[in-house]
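Beneath this line is the structure, given in structure tokens, with notes to follow.
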Amino acid sequence: MPYHIEDLLPLADLPEGKTGEIILMVGGRGMTRRLCEMGLTPGAKVRMVKKAPVGGPIILEVRSTEIAIGRGLASKMLVKPES
């Protein structure tokens, strides 16, 4: 599906309860492999379940599983929010 870069936002900025599709991951091989092992791959649909206060981890639902990741890691993934 075509997209414009201005339509994308860092996964860390996706509002709670909203869903988006991972389009791009910015990072090295180790980071990308770690994310892929958790099911966070380009094309995967993710839902922002909860953001911990004061820069704490975020909880995502991906492939029917909830996972927690740090905001720094989440900021390295660009998603296209669903309308």
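None of the figures in this text is laboratory data; all of them are computed from the coordinates on show. All values derive from a computational prediction rather than experimental measurement. For neighbour counting, all protein chains shown are included, and Cβ atoms are generated from backbone atoms with ideal geometry for every residue, glycine included.
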Original post:
222 nm [θ] for the chain, helices only, -39500 (n - 2.57) per DSSP H run of 4+, per residue, to 500?
Top reply: -3500 deg cm²/dmol
**OP:** Starting at the first residue of the range 6-12, write each ³J(HN,Hα) from the Karplus equation 6.51 cos²θ - 1.76 cosθ + 1.60 with θ = phi - 60°, in whole Hz, x for Gly and Pro.
**Re:** 6, 7, 9, 9, x, 3, 4
**OP:** First select every other residue whose beta carbon is under 15 angstrom from the beta carbon of SER64; then total the charges, Lys and Arg +1, Asp and Glu -1.
**Re:** +1
Subject >> Reachable aspartates and glutamates from LYS80, criterion Cα separation under 20 angstrom, eight or more residues apart if same chain >> reply: GLU6, ASP7, ASP13, GLU16, GLU21, GLU61, GLU66
Subject >> Cα centroid separation, the range 38-83 to the range 1-23 (Å) >> reply: 10
Original post:
Could you give me the ³J(HN,Hα) list for the range 64-73, computed from phi with Karplus coefficients 6.51, -1.76, 1.60 and θ = phi - 60°, whole Hz, x at Gly and Pro?
Top reply: 6, 10, 8, 9, 10, 9, x, 5, x, 5
Subject >> Cα-derived Rg to Rh of the chain, Kirkwood definition >> reply: 0.93
